[in-house]
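The values are calculated or read from the model by the stated rules, or taken from the named source; none is laboratory data. Bear in mind that the values here come from a model prediction, so they are computed numbers and not experimental data. A quick note on method: Cβ atoms are made from the backbone with ideal geometry, for glycine too, and the neighbour counts reach across all protein chains shown. Side chains included, ligands, DNA and RNA excluded: accessible areas come from the protein's heavy atoms. Shrake-Rupley method; radii C 1.70, N 1.55, O 1.52, S 1.80 Å.
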Amino acid sequence: MMEKTLNVQGMSCGHCKSSVEGALGNLDGVTSAEVDLSSGKVDVSYDDTQVTLADMREAIEDQGYDVVE
């Protein structure tokens, strides 16, 4: 199991939090995703044999938010 903290711009409310957590949670291999709105960070636990960082970035960007490195 891998853990990664992603920096996401554009999240500001409970709906944003739900959208990002839901999008990540729907990916095979993601076991948990927790958004911290105040810092703009998303902590993700995942199985790197099932899902890639690119998959997670795409899922977040599809919700209208930007992932920054």
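Descriptive notes on the structure:
- The long axis of helix 53-62 is offset from the longest Cα principal axis of the chain by roughly 30 degrees.
- Calculated mean residue ellipticity at 222 nm for the chain: -9500 deg cm²/dmol, from DSSP H runs with n ≥ 4 weighted as -39500 (n - 2.57), summed, divided by the residue count and rounded to 500.
- Note, ³J(HN,Hα) from phi for region 18-33, Karplus 6.51, -1.76, 1.60, rounded to Hz, x at Gly and Pro: 5, 4, 5, 4, x, 4, 5, x, 7, 7, 4, x, 8, 9, 7, 9
- Nonlocal amide H pairs with ASP66, under 5 Å, H built at 1.01 Å: GLN9
- Mean accessible surface per residue for the chain, computed with a 1.4 Å probe while every protein chain stays in place, in Å²: 59
- Coil-residue trypsin sites (Lys or Arg not before Pro) of region 4-48, DSSP, other Cβ within 10 Å capped at 11: none
- This model, with +1 at the C-beta of Lys and Arg and -1 at the C-beta of Asp and Glu, gives the chain a dipole about its Cα centre of some 220 debye.
- Rolling a 1.4 Å probe over the protein heavy atoms of the chain, with every protein chain left in place, gives an accessible area that is 41 percent carbon and sulfur.
- Whole-Hz ³J(HN,Hα) from phi, Karplus 6.51 cos²θ - 1.76 cosθ + 1.60, for region 45-51, glycine and proline x: 10, 7, 9, 6, 8, 10, 9
- Ranked from largest, the principal axis spans of the Cα set of the chain equal 31, 20, 19 Å.
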